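Here's the structure, in structure tokens; my notes come after.
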Amino acid sequence: MRVIGDERLFREKALCEKIGMVRDFAAICGASKEELDDIVQEVMVEAYQHLDQLKNVKDMAGWLFIITKNKVNRTYRARKRRERWEVNLENYPEDGMNEASDYQAWSAAENVVSDEMLCQMIERLKSPGSEIIKLRFGAGFKLKEIAEMLDMNYNTVKTIESRALKRLKKMIESEIARDER
């Protein structure tokens, strides 16, 4: 259905009056405060581009709600995908763990488990996590060197190291809990 002239202007004006409602819809649908303005803008642009497809102006609120809900869902899914692949570098030193935290982690592990048990736990880690831990702490290589040796992206190596250390920590904690029983 092609809308022309005064009807189009009427629809555009009605759409502009709904910006506050779209903002409220987006907030209700779970949009974060950081993403709210972007979502409202994208919904309004999309609605404007497809304004001719709206059959009845009285149905505009429901139509905008559906567009908003779909946009919030797409934004949420995109954010989750990004979070899965992003490395939080804010609290992460340039070359992975620093010497002080390396020392604390390993001295804590030494007090809890034997070297032999620690080696067995490292062997149980998924590859390439176990290799990265061995190269990093056993052979003393830096993360950049490990990335070159394994032909991997530097950030990927940091992520794998972080996950492997978390897994190792859980193994050690479960060993402590088992010994306390």
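The values are calculated or read from the model by the stated rules, or taken from the named source; none is laboratory data. Predicted, not measured: the structure shown is a model, and the values here were computed from it. Accessible surface is based on the protein model in full, side chains and every heavy atom, while ligands, DNA and RNA are left aside. Shrake-Rupley method; radii C 1.70, N 1.55, O 1.52, S 1.80 Å.
Structural remarks
- Under 20 Å from the Cα of LYS71 - lysines, other chains or at least 8 residues apart: LYS18, LYS33, LYS80
- Rolling a 1.4 Å probe across all protein chains gives ILE172 an accessible area of roughly 20 Å².
- Here the extension length gained between LYS126 and GLU145 equals 4.8 nm, from 0.36 nm per residue of separation less the Cα-Cα distance.
- In summary, the lysines within cross-link reach of LYS170, defined as a Cα separation below 22 angstrom excluding same-chain residues under 8 places away, comprise LYS126, LYS134, LYS158.
- Reported to the nearest whole Å, the Cα centre-to-centre distance from the stretch 146-181 to the stretch 1-52 is 47.
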